[in-house]
Amino acid sequence: MYEPQQTVADILNDSTSIMILSDLIDWCASNPLLRRLADTSSVYLCGHSRGAKLSVLAAIEDPRISALCLIDAVDNTVYAPLGPGYPSAVAALETVPSCTRSLPVAVVGAGVGGACAPEQSNYRKFYEASNSPSWEVLIRNAGHFSFLDDQSPFQRAVCEGGDTRDDDVRMVAQTVMVAWGETMVRNRGVDVTKRVSNSEQDDVTRDDVTRDDVTRDDVTRDDVTRDDVTRDDVTRDDVTRDDVECMVAWGETTYTN
């Protein structure tokens with residue numbers, strides 16, 4: 001049972017932690033200043049590792065949470081085995097019915113998870129469990145702790161690192177967080193492809209293309225399907241920060257060195 005007088009120094013299991021998250025949302029909704037700045041009816045949660053797992057569990061319990069961004073999420077492992085107070089977030093995510101609730105999930109994964117993010121509990125399991133709009137971004141040569149601003153000697157010793165620079169890993173993760181939040185929370189219901197198309201019109205002047213060059217019959221929406229683009233078609237060299245939002249429609253993105 002969660003007692004409000006508990007402090008962060010106390011040992012908190014997953015079930016207690018998600019109660020605290022819900023209390024924080026309640027506090028933001030009741031605080032005279034914060035409720036002017038935060039719309040607690042549509043909350044966007046982002047978390048790394050166990051924080052990503054807790055974000056999922058909190059979203060299952062609290063309908064005010066409308067979208068998630070999971071950074072190298074980890075479910076139950078030998079360090080936190082399945083048991084009382086430590087439910088499986090992957091199993092919980094599978095129970096969200098797409099017909100009654102949409103919970104968009106962006107997943108950023110590290111290809112070098114090692115013992116800290118074992119394959120049977122890693123980011124891919126969360127992506128596969130989602131029944132809502134989802135986007136997976138894999139950074140092949142990133143380590144589990146590459147997303148942190150600073151790593152302790154213990155973290156470096158326990159978890160294997162990758163060859164991709166930590167600054168680049170964080171840049172990709174931050175880009176995904178912003179793009180997903182803008183698309184699925186702030187501009188939910190807006191056709192992303194139209195937004196990207198409209199922004200690209202500024203790059204083409206009227207002199208470059210005349211009306212006679214392209215007619216409406218030349219390109220239809222059916223000409224481009226998801227099968228036209230595979231995850232192997234997109235490498236880091238092909239993608240700039242401005243392209244990220246456009247690729248939400250394809251579902252999966254892979255970055256390689």
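Of all residue pairs spaced 6 or more apart or on separate chains, those with beta-carbon atoms under 7 Å, a first member in the range 35-49 that is under 18 Å from Ser17 (Cβ atoms) and a second member that is open to solvent by 50 Å² or more (accessible area, probe 1.4 Å) and among the aliphatic types (A, V, I, L, M) are Cys46/Met177.
Taken over the range 30-72, residues that are over 21 Å from Pro97 (Cβ atoms), open to solvent by 30 Å² or more (accessible area, probe 1.4 Å), among the hydrophobic types (A, V, I, L, M, F, W, C) and modelled with pLDDT of 95 or more amount to 1.
Of the listed requirements (1) crowded, with 22+ Cβ neighbours inside 10 Å; (2) at positive phi, Gly114 misses just one: (1). Among the conditions (1) surrounded by 12 or more Cβ atoms within 10 Å (Cβ to Cβ); (2) over 18 Å from the mean Cα position of the chain (by Cα); (3) within 27 Å of Cys159 (Cβ to Cβ); (4) not hydroxyl-bearing (Ser, Thr, Tyr), Asp26 misses just one, which is (3). I'd like to check something: does the range 138-150 contain any residue that is touching a Leu at 6+ places or on another chain (Cβ under 8 Å) and of a type in the set (Ser, Thr, Tyr)? No: zero hits. If you filter the range 73-90 down to residues that are among the aliphatic types (A, V, I, L, M) and touching a Pro at 6+ places or on another chain (Cβ under 9 Å), you find that the one that is surrounded by the most Cβ atoms within 10 Å (Cβ to Cβ) is Val74. Residues in the range 129-163 that are in a helix (DSSP H, G or I) and crowded, with 19+ Cβ neighbours inside 10 Å: how many? Residues flagged as in a helix (DSSP H, G or I) and crowded, with 19+ Cβ neighbours inside 10 Å within the range 129-163 amount to 1. Scanning the range 98-121 for residues that are within 16 Å of Leu68 (Cα to Cα), assigned to a loop (DSSP other than H, G, I, E, B) and not hydroxyl-bearing (Ser, Thr, Tyr) yields a count of 3. Tallying residues that are within 9 Å of the chain's Cα centre (by Cα) and either surrounded by fewer than 24 Cβ atoms within 10 Å (Cβ to Cβ) or over 17 Å from Ala52 (Cα atoms) (or both) within the range 91-108 yields 1.
The values are calculated or read from the model by the stated rules, or taken from the named source; none is laboratory data. Just so you know, these numbers come straight off a predicted model, no measurement behind them. Reconstructed Cβ throughout: ideal geometry from the backbone, glycine too, with neighbour counts over all protein chains shown. Areas reflect the complete protein model, heavy atoms only, side chains present, ligands, DNA and RNA absent. Shrake-Rupley method; radii C 1.70, N 1.55, O 1.52, S 1.80 Å.
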